[in-house]
Amino acid sequence: MQQNWKGHLVRLGVFLATMVSARTAELREVAVWNFNAPGVFQASQGSGEARVLGGVSVTNLTGSPADPLSPNASLGLWGFPPQGTAPRSAGVEFVLADAFSRLQLSFELRVSPTACSRLVVLVGQGAGDFVEAGTLEVTQDGVFIPMSLDLSGVLDPLSSGATRIRIVTDTRSDGLYPTVKSRSDGTGVYGPSGVWRLDRVVFRGVVRESVEEPIPVSAALTADGLALEWPDSGAERFTLWKGPSVSGPWSTVGILYHTRSLEPLDEAMWFYRITSP
Ligand SMILES: [Ca+2]
């Protein structure tokens with residue numbers, strides 16, 4: 001019985017991966033910043049606004065070759081925190097007016113030899129704290145590097161209103177800002193005057209409907225685990241979310257095409273939510 005259940009999960013996982021990939025191609029651009037107009041922080045396509053964080057200064061620099069427009073500029077940031085101070089506070093924030101059921105970020109980033117080469121992407125929704133969506137490393141300085149991150153897994157399924165996305169400097173495990181290059185003696189060459197250039201910041205996603213009817217979920221213990229059931233609301237698919245508390249942070253368990261899901265039992269207490277689709 002246990003093996004049959006595991007086999008079922010494996011097949012389901014492959015099926016879901018295929019479907020998620022197919023849906024990714026459908027995501028439309030919701031906001032784009034090309035920074036070609038100096039001093040303008042509104043999105044150049046779609047709607048949204050950017051602002052700098054952590055006291056960094058702004059300058060207008062040459063844009064990425066990935067931006068086909070002319071003139072082509074980028075958002076230059078410098079004046080970052082001194083080595084070992086104020087982690088995850090300096091960079092830029094993008095505010096999108098809507099809440100999203102799926103959201104992907106892509107951008108071009110060029111770091112100077114003394115700039116921090118590790119960044120973290122944070123997502124804020126409503127009054128809650130910012131949640132880490134992931135960290136990224138820039139592997140080469142002096143050229144624009146394409147970066148991308150899927151933010152869907154940290155989106156709150158019950159959020160409404162604006163979504164805030166922060167791209168800020170992150171430290172290594174020793175608390176120091178890393179650089180692309182190191183001195184021959186092994187020490188870092190990080191300096192607060194190092195420069196980030198951002199260009200072609202693109203958000204693709206699906207706007208969450210402003211009104212959602214709650215979907216009741218019932219749970220029952222079975223020999224195979226925790227059976228979650230919810231009524232068929234007429235939708236073709238549902239997204240199952242899992243979180244350590246009622247206030248989240250929520251992460252997606254999967255997109256399901258059935259009204260029943262089996263979850264393994266473990267020591268932790270989990271809260272579940274279902275959204276449609
Ligand atoms: Ca540009």
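Since every read-out is calculated from the coordinates, none of them should be taken as a lab result. Please read all numbers here as calculations on a predicted model, not as lab measurements. Reconstructed Cβ throughout: ideal geometry from the backbone, glycine too, with neighbour counts over all protein chains shown.
Once you have a ≥ b ≥ c as the square roots of the Cα gyration tensor eigenvalues for segment 80-123, tell me rounded if a/c is under 1.5, and otherwise prolate or oblate according to whether a/b is larger than b/c. Show your work: numbers first, answer last.
Values: a/c = 3.02, a/b = 1.87, b/c = 1.62.
Here segment 80-123 falls in the prolate category.
Can you tally the net charge around residue 143? Count Lys and Arg as +1, Asp and Glu as -1, for every other residue whose Cβ sits under 15 Å from the Cβ of residue 143. Display every interim value, and only then the final one.
Numbers: positive: 110, 181, 197, 200; negative: 67, 108, 137, 141, 199.
Net charge in that neighbourhood comes out at -1.
Taking trypsin sites (Lys or Arg not before Pro) that fall in a DSSP loop and have at most 16 other Cβ atoms within 10 Å as cut points, what is the longest piece of the chain between them?
On the way: sites that count: 172, 181, 183, 237.
Value returned for the longest uninterrupted segment is 1-171.
How big is the gap, in Å, between the Cα center of segment 64-127 and the Cα center of segment 147-221?
Using only Cα atoms to place each centre, the spacing works out to 9 Å.
I want to verify a result. In a Gaussian network model of the chain, Cα cutoff 10 Å, which of these has the top mean-square fluctuation: 53, 198, 151?
In this elastic network of the chain, the residue with the biggest mean-square fluctuation among 53, 198, 151 is 53.
Label points 7 Å out from Cα along the Cβ direction at residue 207 and residue 66: separation in nm?
Here the answer is 2.5 nm between the modelled labels.
Between residue 227 and residue 173, what is the spin-label point distance in nm, taking each point 7 Å from the Cα along the Cα→C-beta axis?
Each label point is offset 7 Å from its Cα along the Cβ direction, giving 4.4 nm.
Where in segment 168-183 is the amide nitrogen less than 18 Å from a point lying 7 Å along the Cα-to-Cβ axis of residue 85?
Residues passing the 18 Å test: 169-172, 175-178.
With a point put 7 Å past each Cα toward its Cβ, work out how far residue 52 is from residue 181 in nm, to one decimal.
2.4 nm
To the nearest 0.05, what FRET efficiency results for residue 137 and residue 160 with a Förster distance of 30 Å applied to their C-beta separation? Don't skip to the answer; put the middle values down first.
Working: r = 34 Å, r/R0 = 1.12.
My answer for the efficiency is 0.35.
Determine the gain in length on full extension of the stretch residue 245-residue 263; use 0.36 nm per residue of separation and subtract their C-alpha separation, reporting nm with one decimal. Can you show the working numbers first?
Values: separation 18, 0.36 × 18 = 6.48 nm, distance 1.68 nm.
Gain on extension, residue 245 to residue 263, equals 4.8 nm.
What order do you get for 184, 64 when you list them from fewest to most C-beta neighbours inside 10 Å? Please report the intermediate quantities before stating the final value.
Details: 184 5, 64 22.
Taking fewest neighbouring Cβ atoms as first place, the list is 184, 64.
Quickly estimate the mean residue ellipticity at 222 nm for the chain, helices only: each DSSP H run with n ≥ 4 gives -39500 (n - 2.57), and the total goes over all residues, rounded to 500.
Values: 1 runs with 23 residues, N = 277.
Per the formula, -3000 deg cm²/dmol.
What is the local net charge at residue 117, summed over the other residues whose Cβ is closer than 14 Å to its Cβ (Lys, Arg +1; Asp, Glu -1)?
Values: positive: 110, 118, 172, 181, 197; negative: 137, 141, 170.
Overall, the nearby charge balance is +2.
If I fit a long axis through the Cα atoms of helix 2-24 and take the longest principal axis of the Cα atoms of the chain, what angle between them do I get, 0 to 90°, rounded to 10?
Roughly 50 degrees, rounded to the nearest 10.
So if I restrict to the alpha-carbon atoms in the chain, what is the Rg, and what is Dmax, the biggest pairwise distance, in Å?
21.4, 65
Cut-off 10 angstrom, C-alpha nodes, Gaussian network model of the chain. Which of 180, 120, 217 fluctuates the most?
Sorting by GNM fluctuation, first place goes to 217.
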